[in-house]
1. With no solvent and one equal point scatterer placed on each C-alpha of segment 25-66, evaluate the Debye formula and give log10 I(q)/I(0) for q = 0.19 Å⁻¹, two decimals.
2. When the label point is put 7 Å from the Cα of Ala65 along its Cα-to-beta-carbon vector, which residues of segment 206-220 have a backbone N closer than 11 Å?
3. Determine the per residue accessible area of the chain with all protein chains present and a 1.4 angstrom probe, expressed in square angstrom.
4. In whole percent, and with a 1.4 Å probe on the protein chains, what portion of the accessible area of segment 131-201 is carbon and sulfur?
5. Determine Rg/Rh for segment 117-230; Rg is computed over alpha-carbon atoms and Rh is the Kirkwood hydrodynamic estimate from the same atoms.
6. Return the long-range amide H neighbours of Gly23 (sequence gap of 5 or more, or a different chain), with a cut-off of under 5 Å between placed amide H atoms.
7. Once a ≥ b ≥ c are taken as the square roots of the eigenvalues of the Cα gyration tensor of the chain, is the result rounded (a/c under 1.5), prolate (a/b larger than b/c) or oblate (a/b not larger than b/c)?
8. If amide H atoms are built 1.01 Å from N in the plane of the peptide, which residues on other chains or at least 5 residues away come under 5 Å of the amide H of Gly124?
Amino acid sequence: MDPSSNSLFEITPQVLLKAYACGIFPMAENADDPALYWIEPEERGILPLDKIHVSRRLARTIRSAPFEIKIDTDFEAVIAGCAEAATGRTKTWINDRIRNLYGALFEQGHCHTVEAWLDGRLVGGLYGVHLGGAFFGESMFFRERDASKIALIHLVARLRAGGFQLLDSQFVTKHLRTFGAIELDRPDYHEVLEAALAIEGDFYSLGASASPDTVLQLVSQTSKTGCSTA
């Protein structure tokens, strides 16, 4: 589909899942724009699950367990956090249609959150879509230092434990490159996507109370599988 195409027709959760299976995802221009635009980048960002980079400083922070990590407990709070203005981001692409669509996917078990809590407050996290053995990261946020980074590493450990083959980041940012994000051209991405959709990853294979050492061990393992096409 044309990435600039304006979509005002009804998009159901089922249509959304079919779009992801085809390598397409929606975005809005801003929170006040009721339209959605289908995006299919020429270069697609991924985080190879067997080549994640964790700095020594971040590993030390993870081991100190500064936050309580929860899974799928408060989708509305997570997507609201992702929609907040932040440094370098004065507006968001998360409009009401995005909130409703991904909320419906969450209720159906196709959307998940990884959340960082501190003293009863949600201080960071992320959400994304689970389809087969692929996880499509949508957005993340933080209110305390390293909260979103730690949530991302916990996500990677969970995907590794559950047999996932693809962690899609849509685009590659300077921030994501520090974790090892790469770009694949469209044909290579579709090959990786097809392989990931042929299996079923288990998002809950890793227990919610997994220790920091277990998380770091899972992330640091290398394998001959996963999206290591670079």
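1. Log10 of I(q)/I(0), two decimals: -0.73.
2. 209-214
3. Working: 10760 Å² over 230 residues.
Solvent-accessible surface per residue comes out at 47 Å².
4. Working: 1450 of 2860 Å².
C and S fraction of accessible area: 51 percent.
5. On the way: Rg = 14.2 Å, Rh = 14.8 Å.
So for segment 117-230, dividing Rg by the Kirkwood Rh gives 0.96.
6. Distant-sequence amide H within range of Gly23: zero hits.
7. Values: a/c = 1.60, a/b = 1.20, b/c = 1.33.
Judged from the Cα gyration tensor, the chain comes out oblate (a/c at least 1.5, b/c at or above a/b).
8. Ala116, Arg143
The values are calculated or read from the model by the stated rules, or taken from the named source; none is laboratory data. Quick caveat: nothing in here was measured; it's all calculated off a predicted structure. FYI the Cβ positions are ideal-geometry reconstructions off the backbone, even for glycines, and counts take in every protein chain you see. Accessible surface is based on the protein model in full, side chains and every heavy atom, while ligands, DNA and RNA are left aside. Shrake-Rupley method; radii C 1.70, N 1.55, O 1.52, S 1.80 Å.
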